[in-house]
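Heads up, the thing below is written out as structure tokens.
The values are calculated or read from the model by the stated rules, or taken from the named source; none is laboratory data. Here the structure is a predicted model, which is why all the values come from computation and not from measurement. All Cβ positions, glycine included, derive from the backbone under ideal geometry; neighbour counts span all protein chains shown. Calculation scope for accessible area: heavy atoms of the full protein, side chains included, ligands and nucleic acids excluded. Shrake-Rupley method; radii C 1.70, N 1.55, O 1.52, S 1.80 Å.
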Amino acid sequence: MTSEREHHWRKVYTDKQPEDVSWYQATPEQSLLALDRFGAVPSQSLIDIGGGASTLVDVLLARGWHDLTVLDIAAPALAAAQARLGEAGAAVMWAVADITDWQPPRRYDIWHDRAVFHFLTQPAQRTAYIRALTNGLAEGGFAIIATFALDGPEKCSGLVVERYDAEKLAQTLGSGFRLDASWRDVHLTPWGASQAFTWCVFRRLA
Ligand SMILES: C[S@@+](CC[C@H](N)C(=O)[O-])C[C@H]1O[C@@H](n2cnc3c(N)ncnc32)[C@H](O)[C@@H]1O
């Protein structure tokens, strides 16, 4: 059965082109910065949570990564990414799932989430996400999580979000994760609006 959330996101990606959504970026600069800063290498596995039609997977494939998974609640988002990638997309694992209702089938070295966790406004949703993160991230692996900052927009895609600074996000994730780095970035939407983000890198503790 389609949930309200799935319906919302399916409609977004059916009605709009990937370049026309507020979160569009031609190059995922902050994500690449985080990966480079933490010495990530193409032999590692990475899952992009709520990856949508992001071009992160394109860049990583071009850099020689070969164990990539993109998970999203909206099948049309993944279809857009697959169409753009063509044959190269066959090397990627694509998963249509709600992260709050998903049991990782394996563990990944790197968990990447740009602008997804902040949609989880209910404690039970966050608990479910953190359970998936704990089960899906290898011990010692790292999670790159970007949310709207405390002074960022109150809504995204018409949905209310929970905003974070690094301390609040670290407290929310709990003692199983150590905050290794955080920084602020201001994303410019395709129409030039500024959106302040908090970027964090967490290490999963044993
Ligand atoms: C703001 S967009 C960000 C997309 C992508 N991470 C990027 O940076 O371009 C949020 C994405 O999260 C997905 N999403 C929202 N709620 C989700 C959930 N509960 N489980 C999985 N994906 C979800 C949406 O379909 C959408 O693709």
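Numbers for the structure displayed
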| quantity | calculated |
| --- | --- |
| Ala170 being open to solvent by less than 40 Å² (accessible area, probe 1.4 Å), part of a helix (DSSP H, G or I), out of contact with any Ser or Thr (no Cβ under 8 Å at 6 or more places or on another chain) and more than 11 Å from the ligand (Cβ to nearest atom) | yes |
| Which listed residue is touching a residue at least 60 places away in the same chain (Cβ under 8 Å), under 15 Å from the mean Cα position of the chain (by Cα) and assigned to a loop (DSSP other than H, G, I, E, B), from Gln30, Gln25 | Gln25 |
| Number of positions in segment 53-64 that are under 12 Å from the mean Cα position of the chain (by Cα) and either touching a residue at least 40 places away in the same chain (Cβ under 8 Å) or more than 16 Å from the ligand (Cβ to nearest atom) (or both) | 3 |
| Close pairs (7 angstrom Cβ cut-off, 6 or more residues apart or separate chains): open to solvent by 60 Å² or more (accessible area, probe 1.4 Å) in segment 174-196, part of a loop (DSSP other than H, G, I, E, B) anywhere | Arg178/Leu205; Arg184/Ala149; Pro190/Tyr24 |
| Within segment 44-153, strands (runs of 3 or more DSSP E) holding 1 or more residues that are open to solvent by less than 30 Å² (accessible area, probe 1.4 Å) and under 28 Å from Arg184 (Cβ atoms) | 45-49, 67-72, 108-114, 137-148 |
